[in-house]
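Structure first, commentary second.
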Amino acid sequence: MPAGILYSHESPRRGFEFVTRKITSHAARIKLGLAKELSLGNLDAKTGLGHARDYVRAMWLMLQRKNPDAYVIATGERHSVREFAEVAFSHVSLDYQDYVVVDPQLLRPADVKTLLENSALAMKDLG
């Protein structure tokens with residue numbers, strides 16, 4: 001029976017409650033003078049972020065197989081929230097360290113520091 005485990009993925013439809021959209025929207029708002037700071041939780045949490053378009057293609061490829069399997073769909077790359085903030089703020093010529101504050105209330109007790117995935121079977125079978 002085909003199955004897909006899809007790790008974190010992004011698209012323009014991603015909501016502002018997700019950390020990636022929160023970072024990019026606040027970087028823009030700070031640059032425009034509409035906000036003064038960005039409160040985040042664990043800056044060292046790491047995950048891989050793919051694009052939803054690629055993940056939909058992977059699901060379609062899974063369903064085209066004569067003998068489908070269970071696949072993990074993931075980028076195989078990990079980046080921290082800190083790295084994401086650094087890149088996002090640099091795109092608007094700002095240093096994230098001047099605007100990002102860690103809010104202890106946003107730290108999650110069960111937060112996984114690094115998500116580990118193994119997408120080797122998907123890479124082998126689906127490319």
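Nothing in this text is a laboratory measurement; each read-out follows from the coordinates by a stated rule. Since the structure is predicted, the reported quantities are computational estimates derived from the model, not experimental observations. Positions of Cβ are backbone-derived with ideal geometry, glycine not excepted, and every protein chain shown enters the neighbour counts.
Output the number of the condition that T24 fails; it satisfies all remaining conditions of (1) under 24 Å from V101 (Cβ atoms); (2) surrounded by fewer than 16 Cβ atoms within 10 Å (Cβ to Cβ).
So T24 meets the others, but not (2).
Working only within region 1-51, note down all residues that are closer than 20 Å to E117 by Cα and among the acidic types (D, E).
If the condition is that a residue be closer than 20 Å to E117 by Cα and among the acidic types (D, E), then E10, D44 are the ones that fit.
Just checking, does region 40-58 include any residue being surrounded by 14 or more Cβ atoms within 10 Å (Cβ to Cβ), outside any loop (DSSP other than H, G, I, E, B) and either over 21 Å from the mean Cα position of the chain (by Cα) or aromatic (F, W, Y) (or both)?
yes
Is it the case that R108 is part of a loop (DSSP other than H, G, I, E, B), of a type outside the set (A, V, I, L, M) and either touching a residue at least 24 places away in the same chain (Cβ under 8 Å) or under 16 Å from I5 (Cβ atoms) (or both)?
Working: part of a loop (DSSP other than H, G, I, E, B): yes; of a type outside the set (A, V, I, L, M): yes; either touching a residue at least 24 places away in the same chain (Cβ under 8 Å) or under 16 Å from I5 (Cβ atoms) (or both): yes.
So R108 fits the description; yes.
Count, please, the residues in region 59-68 that happen to be surrounded by 14 or more Cβ atoms within 10 Å (Cβ to Cβ) and either part of a strand (DSSP E or B) or over 20 Å from the mean Cα position of the chain (by Cα) (or both). Can you show your working first?
Pass one, region 59-68, residues surrounded by 14 or more Cβ atoms within 10 Å (Cβ to Cβ): 59, 61-62, 68.
Those still in the list that are either part of a strand (DSSP E or B) or over 20 Å from the mean Cα position of the chain (by Cα) (or both) too: 61-62, 68.
The qualifying residues number 3.
Mind checking which residues of region 10-60 are free of Cβ contacts under 8 Å to residues at least 60 places away in the same chain, touching a strand residue (DSSP E or B) at 6+ places or on another chain (Cβ under 8 Å) and of a type outside the set (A, V, I, L, M)?
Restricting attention to region 10-60, the residues satisfying the condition of being free of Cβ contacts under 8 Å to residues at least 60 places away in the same chain are 10-18, 21-22, 25, 29, 32-35, 43, 49-57, 59-60.
Pick out the ones that are also touching a strand residue (DSSP E or B) at 6+ places or on another chain (Cβ under 8 Å) and you get 10-11, 22, 43, 49-52, 54-55, 59.
Selection gives E10, S11, K22, G50, H51, D54, Y55.
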